[in-house]
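Note sheet for the following structure.
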Amino acid sequence: MKRAVYIALLSLLPFAGNAQKPLTLEAEKVKAAYDWLMKQPDFPENHMAFIRAFPDNKDHYIEVFTPHTFDQLYFQYDAYLAKYRELGRMYPKQVMPKCVAICKKLSMSDGPAGIMQETMMEVAGINPDAFAVELKKLRKNEQASVLAFLAGSPYESQYQSLIKALEALNETKVANAMKTAAAR
């Protein structure tokens, strides 16, 4: 009996090298916070923990959701990003800084990048003031990068609505910068 178990375990060794690569620290933080949130979705503390664990720049975002090795959280990115967008509707001021930090270096708009583009437009539409505050914290070239990324999106009507909302808030500099980006 012991010998049969030993032989069975040895027969599995060739497959051990094909195990999924361990998660990076960034991916592990997101996954752990998401798993905890899914167990107790009604607790605001879990909402905030997931927002805090979410990547805070483009490099970490790509590392977690679109790595060149197609591992980490790549095959589940829809669920993670949908939850982040949902929390963005509830907590736009907390989500907006990370959206801006990620979008200032993104240039493509497919897959997870496109989902972040859509999330940014939705959250900015909910709280245009938070969008303006975060955008004004950036250097001019970073502002231009964020606006170019958003202006090139398939969300033209949301983009134009955001410009109108910013004008209503007397955020004319941001609104004019958005108009310039859209004209390019």
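The values are calculated or read from the model by the stated rules, or taken from the named source; none is laboratory data. These numbers come from a predicted model, not from an experiment. Cβ coordinates were reconstructed from backbone atoms using ideal geometry, including for glycine residues, and neighbour counts include every protein chain displayed.
Below are the figures for this structure:
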{"item": "Residue in region 156-173 that is under 19 Å from the mean Cα position of the chain (by Cα), modelled with pLDDT of 90 or more, assigned to a helix (DSSP H, G or I) and within 15 Å of Asn57 (Cα to Cα) present", "result": "no"}
{"item": "Residue identified as touching a Phe, Trp or Tyr at 6+ places or on another chain (Cβ under 9 Å), small (Gly, Ala, Ser) and farther than 30 Å from Glu45 by Cβ among Ser145, Ser161, Ser153", "result": "Ser153"}
{"item": "Selection count where residues are surrounded by 14 or more Cβ atoms within 10 Å (Cβ to Cβ), more than 18 Å from Lys137 (Cβ to Cβ) and of a type in the set (D, E, K, R), scope region 40-85", "result": "4"}
{"item": "Single residue of Gln40, Gln72, Gln76 found to be at pLDDT 95 or above, over 10 Å from the mean Cα position of the chain (by Cα) and more than 20 Å from Phe149 (Cα to Cα)", "result": "Gln40"}
{"item": "Failed criterion for Leu81 (all others in (1) assigned to a helix (DSSP H, G or I); (2) out of contact with any Pro (no Cβ under 8 Å at 6 or more places or on another chain) hold)", "result": "(2)"}
{"item": "Conditions (1) crowded, with 18+ Cβ neighbours inside 10 Å; (2) at pLDDT below 95; (3) under 19 Å from Asp59 (Cα atoms); number of the one not met by Gln143", "result": "(2)"}
{"item": "Answer residue from region 133-155, given it is among the basic types (Lys, Arg) and not in a loop (DSSP other than H, G, I, E, B) and is nearest to Leu87 (Cα to Cα) among those", "result": "Lys136"}
{"item": "Test: residue in region 116-126 that is assigned to a loop (DSSP other than H, G, I, E, B), acidic (Asp, Glu), over 11 Å from the mean Cα position of the chain (by Cα) and farther than 18 Å from Leu37 by Cβ", "result": "no"}
{"item": "The listed residue being outside any loop (DSSP other than H, G, I, E, B), in contact with a helix residue (DSSP H, G or I) (Cβ under 8 Å, 6 or more places away or on another chain) and under 30 Å from Lys39 (Cβ atoms), out of Ala130, Ala181, Ala177", "result": "Ala130"}
{"item": "Lone unmet requirement of (1) part of a helix (DSSP H, G or I); (2) at pLDDT below 95; (3) of a type in the set (A, V, I, L, M) for Leu106", "result": "(1)"}
